[in-house]
Structure formats: structure tokens, C-alpha cells
């Protein structure tokens, strides 16, 4: 929705939380207050918690956070009025095929300068130009990054990471994300993740129908780990992505795989402890209509209750819908958990 900037500025709520000397809280309810919160957070000398209420936001300029400060930034969506009740609805940022939906650059290498982004739908973003990667989301930081419960849909870049580009020197947790119909003219049609930390955990994501253009690239997800990085993949669906003679998944460096459904893979052999991996049709729930997007598992899918509960870094508390992540004895594979309440066929 397009909001009146002058009116919206008055709705920005700034309150002190955590350690009152170091942290700031923002409840953003409009294009103007989202932009204002990110701008203020970049230079206020505090840890920052930016919450965005449920709704659709189509800004006239990209949302950006760029900071040199040694403090953490958390950005999340789906909040109710006052930003006190979580997961009441969807927060969508629409790039309108004009520009990237969200850019976060945290340049400090101080221990506390982490980045957390969650519960957002980033739609129709576009990153065009030399060095411009991450059509939906661009994240650069030097410490720790947690990216969870994002829906990245229909974004495009000329370079790396049609849906998301994540480059960090620290540990990565990337989980419970839905990444669909994104494209890159170079590599990582769905996602490009790069780190030089020893650990990257990629858990319970669904990466489907993304594409990359250049040969020998990843249509779905590219994971680039510098020595001595080990990439741990657990409970992911990476399927039906396309690239020019390449693969659904490309992994550079050591990797361990537990209970994933992966299409074509280009990588060095998985560590011998890996187990439970398959390469099969995920069997998503059927849907109908001219535009049909359904990426919840059908009751008959062999991926239901077939995942690994002890994934490296842990499974999330909630799935991409905000439902309880573990329902049943074993977690489902993919971004969504099937609710056994509807086991009689009413799902």
C-alpha cells in the first residue's frame, strides 16, 4: 500500500528496550516510517530492533540500511498494531520490478554487529547494474547472520542471487525460507550465500523454479564456503530450478547433507556422515487457477515427517507460515510444516 509520508512519520514509535543505554525499538507502519527507522538505526550508536506491521509496502525508493557501527540490527515483519503481537499477517515489500526490495550492509567487524532478518515477503525486486546483486534482498556483514522465514518471489538480478545475496565473514543460519521464481543473469537464481566462517547452516528451505543464465552456475542455490568452511544442509527441498547446463545446487567446499530432497548437485562428495537424502518429486499440494503457487506438501508426499530434528544449528521454532515447526515425531522436509490436525483430508 502507498502511504502518505507526512502523516506516516508521526506513526514511528521509538522506545528503549533490552539495555536502555544501548538498544532502540522501532515500530514501522508505512513506507516513510520503515525508511526512517532504517536510517536512524544506522547511526544511533545502539543495537536496533526494527519491526514492521503486516501489510503491503511499495516504496518509491529502495529500503536500505548501511552502517559502520558495532551494533546488531534485527528487521522483522508480520506484526500487529503497536508491534507487540507477532505473525498476525504478512509483511510484503514490493520492488515493483524497479529496484531491490531491501538492502542491509553492516560493515563493522565487532562481535556484536550481527544481522537478523525474518518474516518478510520480498516481491518483484530488481538489482541492475555493475556489482548489483540480490534482486530481492542484499545482505553484507562481517559477523553473524540469521535469515529465516522469508518468502522471496519473482525477484531478478544481473549478477548473483536473484532472490537473495548474502555475503558474510561470520556464521550463517539460513532456514525456513521459501524461494520461488527468482532469476539471475549470472549465478544463484534463487540464492547466493558466501562465507569464510567455518560454519554455514542451510535448513528447511524450499527453493523451486528459479533460474540462472550462465553456464555451470546454480539455478537454485549457490553456497560458496572459503577454507575451512563446512556447509551443513538439512531438510531442504531444492527442485525444478534451471540453469545453462548446470544444477539446482552448487556447493563449493566441504559439505554435510542430512535428509534433503535435491535435484541436480554440483559439489565435492558429501561427508560420509551424510544420510537420508533423496532426489524425488516433492509432491506439493494441488491448486487451481490461472496463477497457481502451492508449495505446501501434499499429505501423500514422502517428505512429510521425513526430516532431521537435530539439524546443525537447530531447526527453527516456526515454519515459513509461522506455524509450529515440529508437528509430529519428525520435522517435515521443506519450508512448511504439515498440520496433522487436518490429517483426515481437510487441508
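The values are calculated or read from the model by the stated rules, or taken from the named source; none is laboratory data. Since the structure is predicted, the reported quantities are computational estimates derived from the model, not experimental observations. All Cβ positions, glycine included, derive from the backbone under ideal geometry; neighbour counts span all protein chains shown.
A few points about this structure:
- Residue 299 meets all of the listed conditions (1) part of a loop (DSSP other than H, G, I, E, B); (2) touching a residue at least 12 places away in the same chain (Cβ under 8 Å); (3) under 22 Å from the mean Cα position of the chain (by Cα) but one, namely (3).
- Residue 111 vs. criteria out of contact with any strand residue (DSSP E or B) (no Cβ under 9 Å at 6 or more places or on another chain) and either touching a residue at least 40 places away in the same chain (Cβ under 8 Å) or part of a loop (DSSP other than H, G, I, E, B) (or both): yes
- Residues that are at pLDDT 95 or above and in a loop (DSSP other than H, G, I, E, B), drawn from the stretch 114-132: 114, 119, 120, 124, 125
- Looking at 274, 310, just one residue is more than 17 Å from residue 337 (Cα to Cα), surrounded by fewer than 20 Cβ atoms within 10 Å (Cβ to Cβ) and in contact with a strand residue (DSSP E or B) (Cβ under 9 Å, 6 or more places away or on another chain), and that residue is 274.
- In the set (1) buried (at least 22 other Cβ atoms within 10 Å of the Cβ); (2) within 14 Å of the chain's Cα centre (by Cα); (3) touching a residue at least 40 places away in the same chain (Cβ under 8 Å); (4) under 22 Å from residue 265 (Cα atoms), the condition left unmet by residue 152 is number (3).
- Of all residues in the stretch 149-159, those satisfying the criterion of being under 17 Å from residue 220 (Cα atoms) and at pLDDT 95 or above are 150, 151, 152, 153, 154, 155, 156, 157.
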